[in-house]
4 protein chains.
Amino acid sequence: MEIKKGDYVLLLSPDEKTYLVTVEEEKRMGTHLGELNLGEAVGSEYGGRINSNLGHPFILLEPTLEDRMMKVRRLTQIIYPKDAGLILLKTGVKSGMKVVECGAGSGALTIALASAVAPDGKVYTYDRSDRFLGNARKNVENAGFGDVVEFKKREVSEGFEERDADVAVLDLPSPWVGIPAAAEALRGGGRIASLSPTYNQVEGCVEKLTDEGFVFIETIEVLVRNMKVSRGKTRPFERMVSHTGFLTFGRKALKESPKPGVLADTSNGTQ
Amino acid sequence: MEIKKGDYVLLLSPDEKTYLVTVEEEKRMGTHLGELNLGEAVGSEYGGRINSNLGHPFILLEPTLEDRMMKVRRLTQIIYPKDAGLILLKTGVKSGMKVVECGAGSGALTIALASAVAPDGKVYTYDRSDRFLGNARKNVENAGFGDVVEFKKREVSEGFEERDADVAVLDLPSPWVGIPAAAEALRGGGRIASLSPTYNQVEGCVEKLTDEGFVFIETIEVLVRNMKVSRGKTRPFERMVSHTGFLTFGRKALKESPKPGVLADTSNGTQ
Amino acid sequence: MEIKKGDYVLLLSPDEKTYLVTVEEEKRMGTHLGELNLGEAVGSEYGGRINSNLGHPFILLEPTLEDRMMKVRRLTQIIYPKDAGLILLKTGVKSGMKVVECGAGSGALTIALASAVAPDGKVYTYDRSDRFLGNARKNVENAGFGDVVEFKKREVSEGFEERDADVAVLDLPSPWVGIPAAAEALRGGGRIASLSPTYNQVEGCVEKLTDEGFVFIETIEVLVRNMKVSRGKTRPFERMVSHTGFLTFGRKALKESPKPGVLADTSNGTQ
Amino acid sequence: MEIKKGDYVLLLSPDEKTYLVTVEEEKRMGTHLGELNLGEAVGSEYGGRINSNLGHPFILLEPTLEDRMMKVRRLTQIIYPKDAGLILLKTGVKSGMKVVECGAGSGALTIALASAVAPDGKVYTYDRSDRFLGNARKNVENAGFGDVVEFKKREVSEGFEERDADVAVLDLPSPWVGIPAAAEALRGGGRIASLSPTYNQVEGCVEKLTDEGFVFIETIEVLVRNMKVSRGKTRPFERMVSHTGFLTFGRKALKESPKPGVLADTSNGTQ
């Protein structure tokens, strides 16, 4: 695959530092191993190399979803790939779906959601802060998903404007404030995911989800540990990120009988 | 969203047991809480309920990617969502991509890959066992991805037939046997993911990836712990799955200079 | 070391099952691998063997502190060695010390504490339940620490009878109820350890410790994962105990100035 | 308990920094919160305070076993309390026992072992490096266990001089080199503990232990995660030490029949 002008490329230095850059003719970039002429990348294949003026080769890689998420400009704690990956699988977000999200954070999770619904789906991302919204928008555009995401400034307590959403994602200091809005925006069977760093938030979140009729509620923590691998001396890394947040998931059940003619459900109490 | 005949539905019992079933007129199904008439689900909304003949309500949910993976018929240890989620983010598989996979296992990871490349991409899944291939194929078809996956019977040492693949995924007892085949099938910058339960496999895998010119190699372990959440007595679960496998990732660098006219890379030794 | 009548011996079967037994002349014991005559162990060395009547050898091992803890008769969830070990190191319990404990549980932690203060120290263990107290006492006596531990029936809210204790250990549903009692029983600089399964208990515990003037408070969770080791296929176990409890530690600071003549501490507020 | 001249005291600053110091008349010590006159501590109670010349109170605490271990002067990676605690419980080291250890490291584990065997037991600690031996000796003496530990300079391959040891502890780059020496030094039923950072070492260690007739072999990894506790916002710490080493344990079985007159064990092969 040939690299074109305007492409987003991940440069890998010989000492495994990475740079996410837009390739342009005659664009120069300084690194700790000399200066690169990014224009040289135009017409190269991914996996190929360009050399710095000091002769160090930098490998031209295609950015993955993880690269795009991890390289956003951060105004907030970002959602990590370990958490985003499980959110995608557990909510079942896929191409063509409609997703509502609040807050925007730095847009890292928005990028993951956008990538999953692209090209025909849509992510509606809300935040009450102009500053966060602006930064998230720019990060999402840089990652190439500007068309897939719509940003809106609003308090979550005022509700989402969308209806029949497939998935709702909350990253809020008081998740319970956003849950009624999510319940209203979601269609029957729609999934919700909420991220919170403290167990107190989780407790309030699960309680509110139950009140709002969500079912199949679970709370999960994801940990990743990297390994140093080399022949004869393989071992886990000595330090790791030991907490980002707890993930809570649920699914929207309909409150009343969905079909005319079905008898009233009198056994509800057994739940 | 209205449920139609032939739809794949996740039934949730009042005591949180789940059943993944195909909805058909007059199809009856026994459960520990009485008999269900699945035909009643036709025309219902997701999130709605049908009652068993003993009056217990079962909620009709739309299966997520996780549900589809976890409910496959298992002839092998399956890949868990926690691992599949990170594989998706780290390989950057997305709609339209070409993926090669070996072996098929029970098809759980194939389903996750198929979901990510759908509708226009393709997953080519190899295995040398007719039995595994047949079971995986059936699981993938049941999950609704029959069109997106092509199954092939072959020893991985004979190579993949595809070229210019975006992503290669290996789940092999001897991952090093499949790495040359993956290197040949991948385009420059393409990503590889390998799953192995033992440290020894990881060591051999990383060594072979390095020999074959892969770069940006990392090995990771993902752990998830669930939490019991209830007001005033929230705590982690007492038991968990503490190991499934280690995940090793890498990216294919091109061996020679990708562009005519670029000087020979003499600084290679600094890598 | 020669085994004598009345000694407590850990029997290890060929398939790695263990039995903690008292050796007596002509005592017979049935196992899944045949019957043993425990009298044969008298006069043997630890590390030696006796055979069952079916010819299977059982190895005679000296019980460790872990064996004694794990083999208690359980009426409650017991404290695990992973947690007890850290409690010993963090409280600095040692030979000759005075320890107060509430509740008794099944006596597993009492055994660990008794072993640490023996031969000249003392553990005072309180519980309000006759049944738990009786079971714990019997377990502690079986483990050989009957002389080192005194059991008392009492509500913790009524306080410990001891003063100038070096260490206080609480395993209570409402740890905050026992903290004033512990504060009263401990000498200046004395250490407290509290065990609780839930986040909520930890929150209340830390708050009460702070109110009562404890300092250097920390809360810790200990996890252990076992490894399956065999040449060429070494890997972590697939299942583990993922939660027993959180451990909270603190040290008792004196409220007023400990020495006549020292000026009043006016900078307290900076803490 | 009154602090005397020469006592080892842990000072806790208002911002929770700790200093392990020997108290002497007129000894002055600079801190980030002003200068302390340690002589003021003489005659104080533990739990009391002395003020810096800037008016900041420092609390006088009695050092625990953990404090003594963590405050050693480090020339090597030290053994952490989480690991040392489990070693104590699993080997059953207690007052009066004879322990052999190689290598000395920085003496942190030696301190834990010495504390457990004190006052009547003995730890024999070997190392081939004068530098490590000297540093460990000084750390052990500072911690108050100089009488309980004997240091010897020797290659472990030459064997321990002691016989009938209760426990052997190895912290060696090639643990298998020390295992025959440990097997020779231990009495029947004696316990061995070996610490290694890599899985490769573990593999070789377990293999050698099996060859040398050790039984009940297990390998374990201990992880601890700290928690930030405060009312309404309690959460795990974001970073942790994710690997120190793997711990391998075993017990020495006697090779031949321990008692005259017992028939030859013909069923050995079933093990």
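The values are calculated or read from the model by the stated rules, or taken from the named source; none is laboratory data. Predicted, not measured: the structure shown is a model, and the values here were computed from it. Here Cβ is always computed from backbone atoms with ideal geometry, including for glycine, and neighbour counts include all displayed protein chains. Note: areas computed on protein heavy atoms with side chains; ligands, DNA, RNA excluded. Shrake-Rupley method; radii C 1.70, N 1.55, O 1.52, S 1.80 Å.
At a glance:
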read-out	value
Number of positions in segment A:12-30 that are within 11 Å of another protein chain (Cβ to nearest Cβ) and open to solvent by less than 90 Å² (accessible area, probe 1.4 Å)	5
Unmet requirement for residue B:76, which otherwise passes all of (1) farther than 30 Å from residue B:41 by Cα; (2) within 11 Å of the chain's Cα centre (by Cα); (3) not in a helix (DSSP H, G or I)	(2)
Long-range neighbours under 8 Å by Cβ, at least six apart or interchain, first residue within 7 Å of chain C (Cβ to nearest Cβ) within segment B:236-256, second surrounded by 16 or more Cβ atoms within 10 Å (Cβ to Cβ) and among the acidic types (Asp, Glu)	B:236/A:221; B:243/B:221
Failed condition for residue D:69, given (1) within 22 Å of residue D:244 (Cβ to Cβ); (2) in contact with a helix residue (DSSP H, G or I) (Cβ under 9 Å, 6 or more places away or on another chain); (3) in a loop (DSSP other than H, G, I, E, B)	(3)
Residue in segment B:38-49 that is in contact with a Lys or Arg (Cβ under 8 Å, 6 or more places away or on another chain), open to solvent by less than 10 Å² (accessible area, probe 1.4 Å), over 26 Å from residue B:177 (Cα atoms) and among the hydrophobic types (A, V, I, L, M, F, W, C) present	yes
Count of segment D:140-161 residues which are within 14 Å of chain C (Cβ to nearest Cβ) and open to solvent by less than 40 Å² (accessible area, probe 1.4 Å)	3
Total residues in segment C:197-235, condition facing chain B (nearest Cβ under 9 Å) and within 18 Å of residue C:168 (Cα to Cα)	1
One residue from C:164, C:67 being surrounded by fewer than 17 Cβ atoms within 10 Å (Cβ to Cβ), within 9 Å of another protein chain (Cβ to nearest Cβ) and acidic (Asp, Glu)	C:164
Scan of segment C:140-152 for residues that are of a type outside the set (D, E, K, R) and in a helix (DSSP H, G or I), ordered by number	C:140, C:142
Where residue C:104 falls short, out of the listed (1) surrounded by 22 or more Cβ atoms within 10 Å (Cβ to Cβ); (2) in a strand (DSSP E or B)	(2)
Strands (runs of 3 or more DSSP E) wholly inside segment D:1-44 containing at least 3 residues that are more than 20 Å from residue C:254 (Cβ to Cβ)	D:28-31
Those residues of segment B:208-220 which are buried (at least 23 other Cβ atoms within 10 Å of the Cβ) and under 20 Å from the mean Cα position of the chain (by Cα), in sequence order	B:219
Segment A:117-143, residues that are among the small types (Gly, Ala, Ser) and within 14 Å of the chain's Cα centre (by Cα)	A:118, A:136, A:143
Residue B:137, sole failed condition from (1) part of a helix (DSSP H, G or I); (2) touching a strand residue (DSSP E or B) at 6+ places or on another chain (Cβ under 8 Å); (3) open to solvent by 10 Å² or more (accessible area, probe 1.4 Å); (4) within 13 Å of chain A (Cβ to nearest Cβ)	(4)
Among residues of segment B:180-207, those that are within 30 Å of residue C:237 (Cα to Cα), assigned to a strand (DSSP E or B) and open to solvent by less than 10 Å² (accessible area, probe 1.4 Å), counted	5
Flag if residue B:229 is open to solvent by less than 10 Å² (accessible area, probe 1.4 Å), at pLDDT 95 or above and under 30 Å from residue C:243 (Cβ atoms)	no
Checking residue C:121 against (1) under 25 Å from residue C:246 (Cα atoms); (2) open to solvent by less than 10 Å² (accessible area, probe 1.4 Å), the condition it does not meet	(1)
Complete set of residues in segment A:107-128 that are assigned to a loop (DSSP other than H, G, I, E, B), within 11 Å of another protein chain (Cβ to nearest Cβ) and in contact with a strand residue (DSSP E or B) (Cβ under 7 Å, 6 or more places away or on another chain)	A:121
Close pairs from segment B:59-77: first closer than 25 Å to residue B:48 by Cβ, partner charged (D, E, K, R), Cβ under 7 Å, at least 6 apart	B:59/B:49; B:60/B:49; B:61/A:251; B:64/A:90; B:64/A:191; B:66/A:90
The lone exception for residue A:53 - which of (1) modelled with pLDDT of 95 or more; (2) open to solvent by less than 40 Å² (accessible area, probe 1.4 Å); (3) out of contact with any Leu (no Cβ under 7 Å at 6 or more places or on another chain); (4) more than 7 Å from chain B (Cβ to nearest Cβ) it fails	(2)
Residues being open to solvent by 30 Å² or more (accessible area, probe 1.4 Å) and among the β-branched types (Val, Ile, Thr) - total across segment C:70-92	1
